[in-house]
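The values are calculated or read from the model by the stated rules, or taken from the named source; none is laboratory data. From a predicted model like this one, the values you see are computed outputs, not experimental measurements. Neighbour counts run over all protein chains shown; Cβ positions are idealised from the backbone, glycine included. In case anyone asks, the SASA skips ligands and DNA or RNA and just uses the protein heavy atoms, side chains included. Shrake-Rupley method; radii C 1.70, N 1.55, O 1.52, S 1.80 Å.
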Number of protein chains: 2
Amino acid sequence: MSKKKNKPFRPKARRPRGFEDRTSDVLRAEARLIEAAFSVYDLHGFEPLQTPAFEFADALGKFLPDEDRPNVGVFALQDDDEQWMSLRYDLTAPLARYVAENYDALAKPYRRYQAGSVFRNEKPGPGRFREFTQCDADSVGAAGPAADAEMIMLAADVMRAAGLNDGQYAIRVNNRKLLDGILEASGVPNTEAGAEQRLQVLRAIDKLDRLGAEGVEALLGEGREDESGDYTDGAKLGAAGIKAVLGFTTASADNRSDTIQTLEKLVGQSERGRSGVDELVQIDSILNAVGFGNDRVAYDTSIVRGLGYYTGPVFEAELLTEIKDRKGRPVRIGSVGGGGRYDDLVSRFRGQAVPATGFSFGVSRFLTALERMDALEAEVKPPVIICAFDKGLMGEYFKLAGELHAEGIRAEVFVGSGNVTKQMKYADRRNAQVAVLMGSDEMDAGQVTLKDLYEGAKAAAAIESNAEWKSTRPAQETVARANWVTAVKAMLAG
Amino acid sequence: MSKKKNKPFRPKARRPRGFEDRTSDVLRAEARLIEAAFSVYDLHGFEPLQTPAFEFADALGKFLPDEDRPNVGVFALQDDDEQWMSLRYDLTAPLARYVAENYDALAKPYRRYQAGSVFRNEKPGPGRFREFTQCDADSVGAAGPAADAEMIMLAADVMRAAGLNDGQYAIRVNNRKLLDGILEASGVPNTEAGAEQRLQVLRAIDKLDRLGAEGVEALLGEGREDESGDYTDGAKLGAAGIKAVLGFTTASADNRSDTIQTLEKLVGQSERGRSGVDELVQIDSILNAVGFGNDRVAYDTSIVRGLGYYTGPVFEAELLTEIKDRKGRPVRIGSVGGGGRYDDLVSRFRGQAVPATGFSFGVSRFLTALERMDALEAEVKPPVIICAFDKGLMGEYFKLAGELHAEGIRAEVFVGSGNVTKQMKYADRRNAQVAVLMGSDEMDAGQVTLKDLYEGAKAAAAIESNAEWKSTRPAQETVARANWVTAVKAMLAG
């Protein structure tokens, strides 16, 4: 196809935008985090599930938690049989399909955990990718708040399993029914007819951080003109309604029982609101019995994200420790995961109510936070590098490596090309501590030379001349092959 | 959009064909197998890498090992900017792109491992999916056979790490240069001009199992008419060439050194053939030094798959134990992974030679084999089920579960709805051994009732009447709450 003959096509080595390659440290940390979460879920009797990357587009639907952007993109393509398939954008919609497809075969409640890539066909940005990892646990078929309490306790236990101390995180809990109830008491019907008004209220509350109480008050009422002169229509609540909603967002106290008391007053006689409070009471009683204190799980009515998506209790996992960016400025990490009760997702397929509740961690965001908090475990050590400069001794070099492997010590023979200088440079780039040298003279004498590259670098900084270096050969020792593994261990230890 | 108003759209709960849901046992086994392989790769100094699911279509190219089906399908879609992206069909092509993109930043040889989903847009069939898991290790930048020897040893060590005993598997090694050399000695030039003829030879050899030596002899020569009268054109080798090729396919002896001697004669003076033999000699010397005997690594000239794709040594991991299908008939599992040297893949991007060698396990196929050989480790135990039939005691039930969790015992509170009968049915479906019951009377008395469902089922089979059952209550005991965890442990222990 090329016009220039004899010149082969040479593709550019690059990735589509918004897709990333991930390497050693990040992947090892991710594996540890997911393993920690899975252990918690396993201990609590959950079972693993892995659904495929593709679902039929109609089965997937559009059920993203972020109501503000209902047209958020998916990656879709048409199959041979002309049916549209989409790559999953979360792990919840495929779970709903799985449960609906296998409904009678599953013991219910069906509780599963799953981690994997999800795909969003959106504009990428810094830290915002089109493929990223989620880690979810869900409980399908359990209507009562006990299942929600279980999800909350799991989330808190995953935070601990990830290496965080109590006090460094909090699971924050809200309940959609509370705001529904307060709005019902303020004349917004708890039906489809009030849906748009409820959504406007949610959007207004979500701006509390940015606009303050006064701005939100305007948005809950008639509307608000911003500094640029743009006018945003308000939710048209009356004065009592506005007061109740603003009171709701600041109802959280330091402990759950105080918050419950405040909420009981706010929801008044609304049946839905009272049901929401009752759920929080039941969850609180379970948390107290098992010993999940207010430092681990807080009731927080300012949690708004997801209130339009979830149907009952809503959870967020927040990191509290103030962390700093590379320039030492404080960074608020905030939420690293969220979840809640969603009773509509499976019923979409089956036409009958199937209650469900779940929790999802954003793995990358969580890892970034843990990294900045220095809460990640120690990394895997770099390998010992066996230099290979005598081709005739190749088998012996691998034998040396094998002797270290037998002791569980990471080790490799340099299998590339290049002299010892190049091989030492490779060892440096791998950040190796120990390099092993054995020429035929040493082989015949039953000896091995070990170099401590960490100590060598320190010594090099202190030595003035090349001549001095050559005469002293610091951080290097020649040992008998009979006990060379012991010598390597000693060098690695000290 | 629906014509019938008020009737909501109800999607069917089903998957696109060729995509599977995977559950507990399979996923736990897969996680263990991949973890075992990763541990081996880590010990040998390899580093993890994870490339994204999507690559630009031109970067991916068409480099599947299976030359017979060059048009094998990929899943492709056009991005916003009109560029075509494809889901990866293996983990090797993305590795080539990654290395080319980061060439200067990588310490070479660059040795990485990776596991993940790959996608093939092909006709699915039994055991043949459009998304499946591969687990790869590759070494890029090492030209010599030492790197190949390392890959072979890694593959053999992964077989052990997967729980297989020596003798239950073999890594079989061939070298593409051998056949090239033999054909060169028979007048087929080792250039592009001889490519089609070489391919025909490979196809002919591949039919040895099915057609026998006589049929293959015809296909290597003028051609062959099959029973249906269809005529297949032959590779047009002369009598000496045919004899050499057939001699090559049966050149393997029980040990590597004998095979090497036979091959030395067969390749004659062909430079390429001699180079192939020399590589096998060097690999053999490393294998012998580290102690990889003929039972673990065999030289096998009948290995043809991949000879057209790889450029030097070719490997296959084969399971040798005869296993049986569900009807007790013997099943040959054969290859569970393969690899070899591919020196062209990265150079495609860079226009300069970048040697590479690697090995890939087909995880699902490997697992199926291990399962049938009973070589998989014991499964995770089912959870203890805490029945929850008194709503007022919900917190206490979770407290009981927490006490088991603290001892590392899988346990869950039944969070669904239903009476004790329904809850015991759930426990049965979860295959649980122990169910825990505690009503308010027991709570007040500081007691807990434990049921051994395994023993209960045995006892039930031996008991004649419902009345007898009720009076004896077999396999059930009421214990003091002070030491109930000890009692659960004793029941689980047997």
**Request:** Report the charge-dipole magnitude of chain B in Debye, nearest 20, computed about the Cα centre from +1 at each Lys and Arg Cβ and -1 at each Asp and Glu Cβ.
**Result:** 2100
**residue B:295 paired with residue B:445, simple spin-label distance in nm, labels 7 Å along Cα-to-beta-carbon** = 6.0
**Complete:** For residue B:230, inter-copy label-point distances (7 Å, Cα→Cβ), nm, shortest first, read 6.6
**Peptides ranked, highest mean first, by Cβ atoms within 10 Å: ranges A:213-224, A:143-154, B:46-57** = A:143-154, B:46-57, A:213-224
**Asked** In nanometres, what is the gap between the two model label sites at residue B:105 and residue A:465, each 7 Å from Cα along Cα-to-Cβ?
**Response** 4.2
**Fill in**
Working note, segment A:101-171: Cα radius of gyration (Å, one decimal) and Dmax (Å, whole number) are 16.0, 44
**Prompt:** Expressed as a whole percentage, what fraction of the accessible surface of the protein assembly as shown belongs to carbon and sulfur atoms when a 1.4 Å probe is rolled over the protein heavy atoms?
**Reply:** 48
**Prompt:** For chain B, with every protein chain kept in place, what is the accessible area per residue (1.4 Å probe, Å²)?
**Reply:** 45
**Request:** Would you calculate the volume per residue, in Å³, of the smallest convex hull containing every Cα atom of the protein assembly as shown?
**Result:** 251
**Request:** Putting +1 on Lys and Arg Cβ atoms and -1 on Asp and Glu Cβ atoms, find which of B:73, A:414, A:168 reaches farthest to the positive end of the dipole of the protein assembly as shown.
**Result:** B:73
**Item:** Inverse mean reciprocal Cα-Cα distance (Kirkwood Rh) of segment B:256-310, Å
**Value:** 12.1
**Item:** Potential lengthening between residue B:380 and residue B:406 on full extension [0.36 nm per residue; Cα-Cα distance subtracted]
**Value:** 7.6 nm
**Length gained when the stretch residue A:239-residue A:165 is fully extended (0.36 nm per residue, less Cα-Cα span)** = 22.3 nm
**Prompt:** Alpha carbon centre of segment A:124-148 versus segment B:427-451: separation in Å?
**Reply:** 32
**Asked** Shortest first, in nm, what separates the label point of residue A:380 from those of the same position in the other copies (7 Å along Cα→Cβ)?
**Response** 2.3
**Item:** chain A: relative contact order in percent, alpha carbon pairs under 8 Å with at least 6 residues between
**Value:** 14
**Complete:** Once the dipole of segment A:384-493 is set up from charges on Cβ (+1 Lys and Arg, -1 Asp and Glu), the residue from the list A:486, A:426, A:460 lying farthest towards its positive end is A:426
**Asked** Give me the Kirkwood hydrodynamic radius of segment A:384-493 in Å, from all C-alpha pairs, to one decimal place?
**Response** 14.3
**Asked** Helix B:24-43 versus the longest principal axis of chain B: what is the Cα-based angle in degrees, 0 to 90, to the nearest 10?
**Response** 50
**Asked** For the modelled label position 7 Å from the Cα of residue A:428 along Cα-to-Cβ, which residues of segment B:81-105 have backbone nitrogen atoms closer than 12 Å?
**Response** none
**Item:** Dipole in debye (nearest 20) - the protein assembly as shown, about Cα centre, beta carbon charges: Lys, Arg +1; Asp, Glu -1
**Value:** 1280
**Request:** Treat each spin label as a single point 7 Å out from the Cα along the C-beta direction, and report the residue B:77 to residue B:344 distance in nm.
**Result:** 3.2
**Message:** Compute the orientation-averaged projected area for segment B:165-260 from the convex hull of its Cα atoms and round it to one decimal in nm².
**Reply:** 7.6
**Request:** Tell me, for the rotation carrying B onto A, which chain B residue has the beta-carbon closest to the axis and what that distance is in whole Å.
**Result:** B:77, 2
**Shape box of segment A:105-224 [Cα atoms, principal axes, largest first, Å]** = 47, 40, 35
**Message:** How much of the DSSP bridge set in segment A:384-493 is antiparallel, in percent, rounded to the nearest 5?
**Reply:** 65
**Asked** If the label for residue A:408 sits 7 angstrom from Cα along the Cα-to-Cβ line, what are its distances to the same label in every other copy, in nm to one decimal, shortest first?
**Response** 1.5
**Prompt:** Each residue of segment A:151-156 in order: what ³J(HN,Hα) in whole Hz does its phi give by Karplus 6.51 cos²θ - 1.76 cosθ + 1.60, θ = phi - 60°, with x for Gly and Pro?
**Reply:** 4, 5, 5, 4, 4, 5
**Message:** Let's see if you can work this out: charge +1 on each Lys and Arg Cβ, -1 on each Asp and Glu Cβ, no other charges. What is the dipole magnitude of segment A:384-493 about its Cα centre, in debye to the nearest 20?
**Reply:** 340
**Item:** Accessible surface buried once B binds A (1.4 Å probe; total of both sides; Å²)
**Value:** 7900
**Request:** At 0.36 nm per residue, minus the direct Cα-Cα distance, what do residue A:214 and residue A:420 gain on full extension? Give it in nm, one decimal, please.
**Result:** 67.1 nm
**Reduction of at least 20 Å² in accessible surface, 1.4 Å probe, comparing all protein chains with the chain by itself, residues of segment B:390-408** = B:391, B:394, B:395, B:398, B:399, B:405
**Prompt:** Just the Cα atoms of chain A, one point each, no solvent: what log10 I(q)/I(0) does Debye give at q = 0.12 Å⁻¹?
**Reply:** -1.10
